[in-house]
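Student: Quick one: structure below, then a few questions.
The values are calculated or read from the model by the stated rules, or taken from the named source; none is laboratory data. Since this is a predicted model, take the numbers as computed values, not measurements. Don't worry about glycine lacking a Cβ; one is built from the backbone with ideal geometry, like all the others, and counts go over all protein chains shown. SASA here: full protein model, heavy atoms, side chains in, ligands and nucleic acids out. Shrake-Rupley method; radii C 1.70, N 1.55, O 1.52, S 1.80 Å.
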Amino acid sequence: QVQLVESGGALVQPGGSLRLSCIYSGAFLRLHSTAWYRQAPGKERKLVARISTGGDINYEDSVKGRFTISRDSTTNRVYLQMNDLRPEDTAVYYCNADITGYRGTYHYPARYDSWGQGTQVTVSS
């Protein structure tokens, strides 16, 4: 039943920076990790960065050294700081949460992914 809402997407010139934000809320038993994915037109949705509740972080190779994922558990927010943006970074960016909880009216907990609605990032001159 977790809800996620992304914001911060914009049109930016190559070499510019953006900071994406995601607010997560709702009832769940356990939050395993939060992540950012992106999907370009005609392409599959791919992982950009993930941070576990324990603080472990992994990045997609093409964003290493440029993007930074962080989470503030006191405000239930996850961020993606994106620097030195390139045209190939253009995509819809989605916030993701890997949780264990109850879905709808089901009476049994399960582990599942929850997704935000996405925010558009366009890198172009």
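Student: Kirkwood-based Rg over Rh for region 32-83 (C-alpha set), two decimals?
Tutor: Ratio value, two decimals: 0.99.
Student: What translational diffusion coefficient, in µm²/s and rounded to a whole number, does the Stokes-Einstein relation yield for the chain at 4 °C and a viscosity of 1.567 mPa s, taking the hydrodynamic radius as the Kirkwood radius over Cα pairs?
Tutor: Numbers: Rh = 14.8 Å.
Value of D from the Cα-based Kirkwood radius: 87 µm²/s.
Student: Additional query: Taking the dipole about the Cα centre of the chain, with the C-beta of Lys and Arg at +1 and of Asp and Glu at -1, give me whichever of 29, 47, 14 is farthest to the positive side.
Tutor: 29
Student: Using DSSP, restrict attention to beta bridges with both residues in the chain and report what percent are antiparallel, rounded to the nearest 5.
Tutor: Details: 44 of 46 bridges.
The answer is about 95 percent antiparallel.
Student: Using a 1.4 Å probe on the protein chains only, how many percent of the accessible area of the chain belongs to carbon and sulfur?
Tutor: Values: 3290 of 6910 Å².
Using a 1.4 Å probe with all protein chains present, the chain comes out at 48 percent carbon and sulfur.
Student: Could you please report the charge total around residue 71, scoring K, R as +1 and D, E as -1 over all other residues with beta-carbon less than 11 angstrom from its beta-carbon? List each step's numbers first, then the result.
Tutor: Working: positive: 50, 77; negative: 72.
With Lys, Arg at +1 and Asp, Glu at -1, the neighbours total +1.
Student: Another question about this same structure. Once you wrap a convex hull around the alpha carbon atoms of region 46-114, what is its projected area averaged over all directions, in nm²? Walk me through the intermediate numbers first.
Tutor: Details: hull surface 24.1 nm².
It is 6.0 nm².
Student: With unit charges on the beta carbons (Lys and Arg positive, Asp and Glu negative) and the dipole taken about the Cα centre of the chain, which residue among 108, 87, 58 sits farthest to the positive side?
Tutor: Of 108, 87, 58, it is 108.
Student: How large is the charge dipole for the chain, taken about the Cα centre, if only the Cβ atoms of Lys, Arg (+1) and Asp, Glu (-1) carry charge, to the nearest 20 debye?
Tutor: Details: 14 positive and 11 negative charges, 33 e Å.
About 160 debye.
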